[in-house]
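The values are calculated or read from the model by the stated rules, or taken from the named source; none is laboratory data. Keep in mind the model is a prediction, meaning the values are calculated, not measured. Please note: Cβ atoms are built from the backbone with ideal geometry, for glycine as well, and neighbour counts cover all protein chains shown. The area values use the complete protein model at the heavy-atom level, side chains included, leaving out ligands, DNA and RNA. Shrake-Rupley method; radii C 1.70, N 1.55, O 1.52, S 1.80 Å.
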2 protein chains.
Amino acid sequence: MHLGPYHSSCLNLAERLRIPYNVSRMSTVQTSSSPPGTFEILATDGEARLGRLQTAHGAIETPVFMPVGTQATVKTLEPRDLEELGASVILGNTYHLLVRPGPEIIGACGGLHRFMGWEHPILTDSGGFQVFSLTKLRKMTEDGVAFNSHVDGRRLFLGPVESMAMQRVLGSDIAMCFDECPPYPCEAKYAQEAVARTLRWARVCREQPRAEGQLVFGIDQGGEFAELRAECARELAAMDFDGYAVGGVSVGEPEPVLIQEMADGVRFLPREKPRYVMGLGDLWQICEGVERGVDMFDCVMPTRHARNGTAFTRDGAYPVKAGECKADTAPVERGCTCYACTHFPRAYIRHLLNVGEILGVRLLTIHNIHCYLAFMREMREAIVAGRFHEWKAEQHRRLRGPTGQFAAATFQDGR
Amino acid sequence: MHLGPYHSSCLNLAERLRIPYNVSRMSTVQTSSSPPGTFEILATDGEARLGRLQTAHGAIETPVFMPVGTQATVKTLEPRDLEELGASVILGNTYHLLVRPGPEIIGACGGLHRFMGWEHPILTDSGGFQVFSLTKLRKMTEDGVAFNSHVDGRRLFLGPVESMAMQRVLGSDIAMCFDECPPYPCEAKYAQEAVARTLRWARVCREQPRAEGQLVFGIDQGGEFAELRAECARELAAMDFDGYAVGGVSVGEPEPVLIQEMADGVRFLPREKPRYVMGLGDLWQICEGVERGVDMFDCVMPTRHARNGTAFTRDGAYPVKAGECKADTAPVERGCTCYACTHFPRAYIRHLLNVGEILGVRLLTIHNIHCYLAFMREMREAIVAGRFHEWKAEQHRRLRGPTGQFAAATFQDGR
């Protein structure tokens with residue numbers, strides 16, 4: 001097959017990514033006593049640990065949940081809302097931002113922080129997950145993936161070089177390596193090839209120019225194959241990244257498999273560096289991750305489910321649109337201190353959702369994000385106090401009933 | 001024709017409106033030195049006047065623009081946003097709230113203020129306008145109008161008794177009389193009948209039970225017929241309402257006709273009471289109204305047009321989605337002090353609108369409402385300073401160019 005079109009797309013994108021954006025307009029990099037990438041472990045309780053990761057835009061206390069801002073906005077929320085909710089770091093999506101508005105516009109505005117008015121840390125994923133899950137007519141080469149944009153069908157190319165160049169334009173505090181995320185289930189042979197490619201691409205990503213103070217994390221793949229996970233983790237560790245992620249989980253596998261994959265991935269990743277499990281957002285599962293030494297999580301669940309009317313609470317989720325809520329003057333969650341719960345009856349939020357008012361989705365998003373971030377704050381306190389395991393057992397009971405066990409079916413969710 | 005079904009609907013609604021809602025849960029009524037309804041004229045400049053209207057939930061400084069909260073929310077905004085923007089009073093829609101969520105639910109939540117978390121004044125329209133403009137299969141009787149709900153086709157009945165009962169459940173600070181709003185154009189005979197009916201209904205509304213401290217305003221009709229407007233105004237004045245509105249304007253007539261109708265309506269309304277022109281929201285036209293002694297305005301323009309991407313500025317409106325904005329790092333309006341303009345480049349808001357992100361509509365709504373309320377604040381200062389006419393001439397030039405004259409076509413907008 002003639003590779004001309006991909007190469008010309010690639011060149012075109014490389015060209016677009018070299019745009020001379022105004023460096024003086026880049027968002028201010030915060031000064032700190034410790035340089036970006038410094039990761040201090042402040043307390044441990046078993047494998048669970050309380051940490052602090054320095055970035056160019058401030059410190060992140062871990063374990064942390066990162067709300068997802070796919071298209072340069074955590075849906076319905078402003079930066080001041082996220083600050084009020086106590087978000088210390090948010091996620092941006094390289095793939096989505098490459099498609100719209102593109103690097104020229106974000107570059108012209110001085111990077112993603114300035115563009116979206118968020119002065120605190122941003123982690124950007126590499127686009128690998130979206131390229132493999134959202135696009136059509138993919139053609140993989142050693143240099144990356146040619147694909148059609150999911151918006152307008154435009155032919156684009158993304159590989160380790162382009163992804164890192166785009167993340168440099170975005171100016172994120174933490175850039176992720178461009179990886180291959182295989183689906184579930186997946187043959188061992190394919191998983192092995194994906195690991196090999198992910199490792200080759202990780203070496204390329206490692207050598208690309210970065211934004212000032214930008215950290216780069218490697219991503220462990222290997223599907224459900226423990227040896228592949230271990231091998232991938234060891235190879236990545238040898239490349240000395242600023243942090244490490246477990247990728248390719250929560251892609252449709254049963255929950256016990258997911259937990260096992262996470263455990264297999266984390267086990268061989270350096271203890272002294274931050275460890276991140278990508279796309280994991282069930283509170284029960286987050287506890288399982290932290291118990292195994294995971295520090296960072298992200299998921300669209302609290303924002304996406306707000307849009308279909310689901311409230312997350314410390315005692316599980318429920319549909320606010322349900323008829324029982326229609327004249328209920330209680331808040332969405334009793335005892336919750338978020339703006340939505342302290343100002344409005346459940347009946348009001350149900351009414352807004354029912355008549356299609358945007359404010360309903362916004363108020364429920366505020367509540368859901370608050371629920372997640374308050375959960376993580378409490379968890380960090382439990383680790384400091386050396387009572388993480390009791391706390392976790394209690395949360396598991398509250399979230400899933402008396403047994404506190406695996407969910408009947410995995411809560412699947414895209415990114 | 002057999003009237004049974006309407007009467008049974010009517011009874012059913014009357015039944016629904018008698019629900020024993022919990023008075024102790026009603027929103028707190030503010031104490032003030034002056035009782036609700038007190039209207040002080042603090043300064044005048046020609047016919048333009050600066051006033052203060054006391055209501056059960058606080059004072060309203062006039063001339064005032066009231067953002068519209070059709071379905072118990074000023075679309076996309078929270079009460080704290082409206083407070084930050086300086087809104088002193090908002091509008092609620094009796095018709096929409098009757099259809100969804102209905103009086104039972106709002107009653108159970110302690111009235112509209114509690115339901116939507118807004119502690120400041122609320123004016124509710126009577127539903128007359130919506131019944132005559134939104135519904136199908138209308139059947140008018142001397143007692144009101146039977147109609148099919150625009151949402152689910154359910155047969156409902158609204159007349160002066162039902163409208164006032166619903167506004168009592170809502171607990172608004174200012175209730176409007178149930179009137180008949182004829183379309184434009186309209187025959188003199190029909191306009192005359194509508195005026196007669198509006199006056200008969202006004203007398204019925206006048207005698208209905210009210211919420212504590214609730215004011216009631218009469219509505220002047222008469223279409224483009226000056227004598228009818230004058231007669232209607234004189235008859236209403238004799239009924240001694242707490243305030244008066246000019247209705248049936250901005251329903252499709254050319255701008256010079258609209259201005260004339262407003263002038264004809266206002267001229268014979270009591271000077272010592274607040275005067276309100278319903279549904280008028282063009283800044284140029286608002287100036288014309290204030291120059292003729294109008295105190296209150298409302299319109300969906302700033303919120304509705306935000307949803308299609310139009311920014312209102314002191315120098316006219318423009319589409320933020322336009323290609324020229326795509327990499328523009330300027331704010332939506334230079335010099336504007338709203339949250340959107342002080343935190344985000346125009347390119348960001350365009351991007352959000354372009355990719356369908358709710359935050360884009362919200363930020364533009366914040367800007368547009370700020371633009372309107374800042375305009376009214378400046379206008380009130382100009383009246384106090386005795387330079388309203390110079391200020392108005394300058395605004396007219398900025399809004400409509402060198403001549404500052406009538407718009408080529410009326411900016412039509414529903415409610």
Quick one: would you say B:Val384 is more than 14 Å from chain A (Cβ to nearest Cβ), surrounded by fewer than 22 Cβ atoms within 10 Å (Cβ to Cβ) and not charged (D, E, K, R)? yes
Take the residues of the stretch A:89-107 that are in contact with a helix residue (DSSP H, G or I) (Cβ under 9 Å, 6 or more places away or on another chain) and either of a type in the set (Gly, Ala, Ser) or within 24 Å of A:Cys338 (Cα to Cα) (or both): which is surrounded by the fewest Cβ atoms within 10 Å (Cβ to Cβ)? A:Gly102
What are the residue pairs meeting all of these: first residue in the stretch B:372-399, first residue in contact (Cβ under 8 Å) with a residue 12 or more places away in the chain and aliphatic (A, V, I, L, M), second residue open to solvent by 70 Å² or more (accessible area, probe 1.4 Å) and in a helix (DSSP H, G or I), Cβ atoms under 8 Å, and 6 or more apart or on different chains? B:Ala382/B:Glu390
Among the listed residues B:Glu333, B:Glu272, which satisfies the condition of being within 25 Å of B:Ala48 (Cβ to Cβ) and open to solvent by 10 Å² or more (accessible area, probe 1.4 Å)? B:Glu272
Looking at B:Arg138, B:Arg210, B:Arg155, B:Arg200, which is the one that is of a type in the set (D, E, K, R) and within 21 Å of the chain's Cα centre (by Cα)? B:Arg210
Look at B:Ser163 and say whether it is closer than 27 Å to A:Val355 by Cβ, crowded, with 24+ Cβ neighbours inside 10 Å, of a type in the set (S, T, N, Q) and in contact with a Phe, Trp or Tyr (Cβ under 7 Å, 6 or more places away or on another chain). yes
How many residues does the stretch A:299-319 contain that are in a loop (DSSP other than H, G, I, E, B) and either open to solvent by less than 10 Å² (accessible area, probe 1.4 Å) or closer than 14 Å to A:Leu283 by Cα (or both)? 4
Tell me, please, whether a residue that is modelled with pLDDT of 95 or more and outside any helix (DSSP H, G or I) can be found in the stretch B:365-382. no
When every residue in the stretch A:288-298 that is of a type outside the set (Val, Ile, Thr) and assigned to a helix (DSSP H, G or I) is compared, the one farthest from the other protein chains (Cβ to nearest Cβ) is A:Glu291
Regarding the stretch B:286-294, can at least one residue be identified that is touching a Ser or Thr at 6+ places or on another chain (Cβ under 6 Å) and surrounded by fewer than 24 Cβ atoms within 10 Å (Cβ to Cβ)? no
Sole exception among (1) in contact (Cβ under 8 Å) with a residue 40 or more places away in the chain; (2) surrounded by fewer than 24 Cβ atoms within 10 Å (Cβ to Cβ); (3) in contact with a Pro (Cβ under 8 Å, 6 or more places away or on another chain) for A:Asn354, by number: (1)
Failed criterion for A:Ala87 (all others in (1) in a helix (DSSP H, G or I); (2) small (Gly, Ala, Ser); (3) more than 14 Å from chain B (Cβ to nearest Cβ) hold): (1)
For the stretch B:181-268, list the helices (runs of 4 or more DSSP H) that sit wholly inside it and hold at least 2 residues that are under 30 Å from B:Gly404 (Cβ atoms); which are they? B:226-238, B:255-267
Kindly establish whether A:Gly279 is open to solvent by 10 Å² or more (accessible area, probe 1.4 Å) and part of a loop (DSSP other than H, G, I, E, B). no
Restricting attention to the stretch A:364-389, which residues are of a type in the set (Gly, Ala, Ser) and over 25 Å from A:Thr303 (Cβ atoms)? A:Ala382, A:Ala385, A:Gly386
Kindly check whether there is at least one residue in the stretch B:194-205 that is open to solvent by less than 10 Å² (accessible area, probe 1.4 Å) and over 19 Å from B:Glu231 (Cβ atoms). no
Output for the stretch A:312-342, where each listed residue is in contact (Cβ under 8 Å) with a residue 40 or more places away in the chain and touching a Pro at 6+ places or on another chain (Cβ under 8 Å): A:Phe312
Considering only the stretch A:133-144, I want to know if a residue exists there that is surrounded by 23 or more Cβ atoms within 10 Å (Cβ to Cβ), more than 30 Å from A:Ala196 (Cβ to Cβ) and touching a Ser or Thr at 6+ places or on another chain (Cβ under 9 Å). no
Residues of the stretch A:52-72 satisfying the condition of being small (Gly, Ala, Ser), more than 14 Å from chain B (Cβ to nearest Cβ) and crowded, with 23+ Cβ neighbours inside 10 Å: A:Ala56
Applying the selection to the stretch B:326-347, what residues are within 13 Å of B:Ala311 (Cβ to Cβ) and either among the hydroxyl-bearing types (Ser, Thr, Tyr) or more than 10 Å from chain A (Cβ to nearest Cβ) (or both)? B:Ala330, B:Pro331, B:Val332, B:Glu333, B:Arg334, B:Cys336, B:Cys338, B:Cys341
Identify all residues within the stretch A:168-219 that are in contact with a helix residue (DSSP H, G or I) (Cβ under 6 Å, 6 or more places away or on another chain) and acidic (Asp, Glu); write none if there are none. A:Asp179, A:Glu180
So, in the stretch A:113-124, of the ones that are at the interface with another protein chain (Cβ under 10 Å from one of its Cβ atoms) and outside any loop (DSSP other than H, G, I, E, B), which residue ends up surrounded by the fewest Cβ atoms within 10 Å (Cβ to Cβ)? A:Arg114
Quick check on my filter: what residues within the stretch A:352-377 are within 18 Å of B:Arg114 (Cβ to Cβ) and either touching a helix residue (DSSP H, G or I) at 6+ places or on another chain (Cβ under 7 Å) or more than 11 Å from chain B (Cβ to nearest Cβ) (or both)? A:Leu352, A:Leu359, A:Gly360, A:Leu363
Check on A:Gly360, at pLDDT 95 or above and at positive phi: no
